[in-house]
1. Working only within region B:631-666, note down all residues that are in contact with a His (Cβ under 7 Å, 6 or more places away or on another chain) and within 13 Å of chain A (Cβ to nearest Cβ).
2. Of B:Leu191, B:Leu275, B:Leu286, which residue is aliphatic (A, V, I, L, M), surrounded by 14 or more Cβ atoms within 10 Å (Cβ to Cβ), closer than 30 Å to B:Ile35 by Cβ and not assigned by TED's automatic domain parsing to the domain that holds B:Arg640?
3. Within region B:414-435, work out how many residues are surrounded by fewer than 22 Cβ atoms within 10 Å (Cβ to Cβ) and more than 11 Å from chain A (Cβ to nearest Cβ).
4. How many residues does region A:1-38 contain that are in a loop (DSSP other than H, G, I, E, B) and either modelled with pLDDT under 95 or acidic (Asp, Glu) (or both)?
5. Among the residues of region B:523-531, is any among the acidic types (Asp, Glu) and either on the phi > 0 side of the Ramachandran plot or buried (at least 24 other Cβ atoms within 10 Å of the Cβ) (or both)?
6. Give the number of residues within region A:138-149 that are assigned to a helix (DSSP H, G or I) and within 11 Å of another protein chain (Cβ to nearest Cβ).
7. Just the residues that are buried (at least 16 other Cβ atoms within 10 Å of the Cβ), among the hydrophobic types (A, V, I, L, M, F, W, C) and over 15 Å from A:Ile63 (Cα atoms), please, taken from region A:10-27.
8. Quick one: what pairs do we get from region A:116-135, first residue without any contact (Cβ under 8 Å) to a residue 40 or more places away in the chain, second part of a loop (DSSP other than H, G, I, E, B) and surrounded by fewer than 17 Cβ atoms within 10 Å (Cβ to Cβ), C-beta under 8 Å, 6+ apart or different chains?
Amino acid sequence: MSELIEFKLNGKAVKVNVDSERMLLWVLRTDFGLTGTKYGCGEGFCGACTVLINNKAERSCSIAVKSVKGKEVLTIEGLMNNGKLHPLQKAFAEKDALQCGYCTPGMIMNAYGLLKKKSKLTYDEIIKEMDDNFCRCSAHKRIVEAIQTASNEMK
Amino acid sequence: MKNDNYLEMDFKDIKTPFEVDRREFIKLLGGGLFILFTVGDTLGYVQQEQRRRGELPTDFNAFLRIDEKGKVSCFTGKIEMGQGIITSLAQMLADELDVTLDSVQMIMGDTDLCPWDMGTFGSMSTRFFGPPLRAAAAEARNVLLELASEQLKIPVDKLSVRQGVVYQKSNKKNKVSYAELTKGKKIERHLKGKPRIKDPSEFKVMNKSITRVDAIEKVTGKAKFAGDMRFPDMLYAKVLRPPAHGAKLIDVDLSEVKKMSDIVVIQDSDLVAVLHKYPDVAEKALEKIKAKFSLSESKLNNENIYEHFMEVAGDPKVVSHNGDINQGEKQSATVVDETYYDSYVAHSPIEPHTAVAKIDGNKVTVWASTQNPFTAKEEVAGALKVASENVRIITPYVGGGFGGKTRNLQIVDAARLAKLTGKPVMVAYTRKEEFFYDAFHPAAIVKIRSGLTSSNEISFWDYNGYFAGERGATHFYNIPNSSTKVFGSGWTGSANTHPFATGPWRAPGNNTNTFARESQIDIMAAKAGVDPFEFRLKNIADKKMLEVLKVAGEKFGWKSFSKNPSGKGYGIACGIDAGSYVAMIVEVDVNSKDGNVKVNRVVCAQNMGLAINPEGATIQMEGCIMMGLGYALTEEVKFRSGEILNKNYDSYELPKFSWLPKIETVILNKKNEPPQGGGEPAIITLGAAIGNAIYDKLGIRLNRMPMTPERILQIIIKK
């Protein structure tokens, strides 16, 4: 059933009148036109659709839009601050931590969630927490280096 | 590919839809200097394409333009799917033309703006596109120097160029820019001769590592993929799919779905689809369709497929032959007779196949994730029965291809549905559809019989490959009596070979062939009681291969084994792909209780001739290594009677961060040699290097990929 859902999206209060059982991924990509968040598998395995909900990295393909009512949602489009790249974005670009770039928003958002939990990360922590984000081009080595760089910068 | 930005900036003078042939569009562009050139791809693909189309454009298939603002654009049908040519091709142009990298723009994969191109695959872009692109740029520079000479009244040899400005060497104030030179002119030149291209010592941009030109768009979420296109009234389609390959639709009941509000239902012969303004709502609607399919007639599964291969193999093609196999066998003290098996592997790009089709009047435009937009154009024209000049394929960024985005079924579906509904339509595969319609890397068999003399030289080599194809089938060892034959035609097989589509997968066939050859060499080294590194040094005939192997050995710190297997878990493999030479040494740990393999370290040396963008080439090598762990260790498509049992990533394991080994790459410094392929070669050696390392660790030999924990445990238990 259609329902008015109000939440904060990339820092702005928004409301949308949709079937509240619809998955957040599709509401973001269609109703809000925020196409940076990607579909990869639809069942929460690959992490391409990762966004932050109340500062926690979540799989938007498996979360109904009703569950973000009153919460804060952050997508890749909301990560830049005053037109400045976030240290993670800068590090991903500079360290060549991407190839086709399709999994990149999910990677960056998952890493951002990680940095929100703990700003200083060890190599093992990065590996463990990033393990369920898939990159078929296999830029894993550079992604880890980029997260390490950003982590150091944010200390 | 900033096609759309480009359109806004520079193509305002073109009325769309426009119907023009390849030659005509140059007339439609504004002023400037145009250099038209031909990319002479020399691999078999060209001949295949020639046969299929009955013709090849002989005039030109790419061009570059220096416009009246001094901006350089290169128009090519090649596409960017992560391999980085949007950067490396731009680097070449910038260097030859003496302009800055940011004044170069690549216009790629748009069938209306770019001349015909066969597609992006086979690590060919840099090898075959590079030299003529550089020559065209050098020609452009010559033309511009001549123009400058006339204008400045200074002979050409007294002039030099820096950042798009021609100046007098002795008086830099005497200068004129490319923009000023091309203003108000329209000069068209066909590249015919071979202008002097720069010597590597003169490179300012090439052969240097730079950040990818598409990086910022991709880290901010702004980069547009096919699925990110939005049009007013656009509908998302979900198409009714059979449960198995070979299953036919017998009966369909659409009564339930037709009751749903806002759902558009289409039934057009074999095509049954539901459409809605939300993709997720369309997907729910699809579940309401009651359909009955016939059972697939295929009886094939993962186990009986190999028997089937031997039955349908037919006659072989002799790839190479020297000496006399029987004679060689007679001289042998030891004979090794082995059969190797490889499995079906999915491409599985994280971006599933996607297309958006839009029809305005008689013009069909499709934004698609494809590696071969010009093939897609013909396919759409055929399906809609329209002239192909009325079809335009635009390729935004492609989210990974690996050879898998050469099958354009989703493009045809989208075009048909756009015509049937009269609205823009997106078809984007679900992960399940992506697995189902993938043209898999084919399963294959390789049988090798080979021998050793009493002095541990290879006496004969009898190689028979089934359905792996020729790529990487020949060897580079010194063998007096040798035969290499292949059965079945490469990755497609003949009709009735495979129960579903198969196709090129990163370094097609070479992963299988290299796994077989390098495992066999290792077995012979063990039989000879010789260290596998020493054995290769002694028996490799190809000097280039010897050189890369030595470089890899040095980097790894190889010390001769006192016994083989050594128990250390070291494995070596060598191979040649797309003109590049690769030697790889890995170190593994194997858990003998659960069969799990952890690859700790991978050293890879590669001779790829001139590396245009060494950083890009290194990234491709790292990607090959990480991706190669998958086909070697876990990736296997499971199937039964035409059904694909892998529906999502819970039953198909891709390499993950926790698998990441210590990766060390070396690119040999060969800047005076022509550039060779870089996107595929380093993937071919993973299977054999890991298999050989498992042998070195535990003394067990796996002859089937992937080398899963179950298969490893089975052998351990048997032992």
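The values are calculated or read from the model by the stated rules, or taken from the named source; none is laboratory data. Computed from a predicted model, the values in this text were never measured in an experiment. Here Cβ is always computed from backbone atoms with ideal geometry, including for glycine, and neighbour counts include all displayed protein chains.
1. Quick first cut of region B:631-666, residues in contact with a His (Cβ under 7 Å, 6 or more places away or on another chain) only: B:642, B:657, B:660.
Selection gives B:Phe657, B:Leu660.
2. On the way: B:Leu275 fails: closer than 30 Å to B:Ile35 by Cβ; B:Leu286 fails: closer than 30 Å to B:Ile35 by Cβ.
Result of the check over B:Leu191, B:Leu275, B:Leu286: B:Leu191.
3. The first filter runs over region B:414-435 and keeps only residues surrounded by fewer than 22 Cβ atoms within 10 Å (Cβ to Cβ), leaving B:419-423, B:430, B:432-433.
Cutting the leftovers down to more than 11 Å from chain A (Cβ to nearest Cβ) gives us B:419-423.
Selection size over region B:414-435: 5.
4. Of region A:1-38, the ones in a loop (DSSP other than H, G, I, E, B) are A:1, A:10-11, A:20-22, A:32-38.
The next check asks that each one be either modelled with pLDDT under 95 or acidic (Asp, Glu) (or both); those that pass are A:1, A:21.
Result for region A:1-38: 2.
5. The first filter runs over region B:523-531 and keeps only residues among the acidic types (Asp, Glu), leaving B:531.
When the remaining residues are screened for being either on the phi > 0 side of the Ramachandran plot or buried (at least 24 other Cβ atoms within 10 Å of the Cβ) (or both), the result is none.
Looking through region B:523-531, none of the residues is among the acidic types (Asp, Glu) and either on the phi > 0 side of the Ramachandran plot or buried (at least 24 other Cβ atoms within 10 Å of the Cβ) (or both).
6. First pass over region A:138-149, keeping only residues assigned to a helix (DSSP H, G or I): A:140-149.
Then keep just the ones that are within 11 Å of another protein chain (Cβ to nearest Cβ); that gives A:140-147.
Number of matching residues: 8.
7. Of the residues in region A:10-27, the ones buried (at least 16 other Cβ atoms within 10 Å of the Cβ) are A:10, A:16, A:18-20, A:22-27.
Still in the running and among the hydrophobic types (A, V, I, L, M, F, W, C): A:16, A:18, A:23-27.
A:Val16, the sole residue that qualifies.
8. Pairs found: A:Ser119/A:Lys155; A:Lys120/A:Lys155; A:Glu125/A:Lys118.
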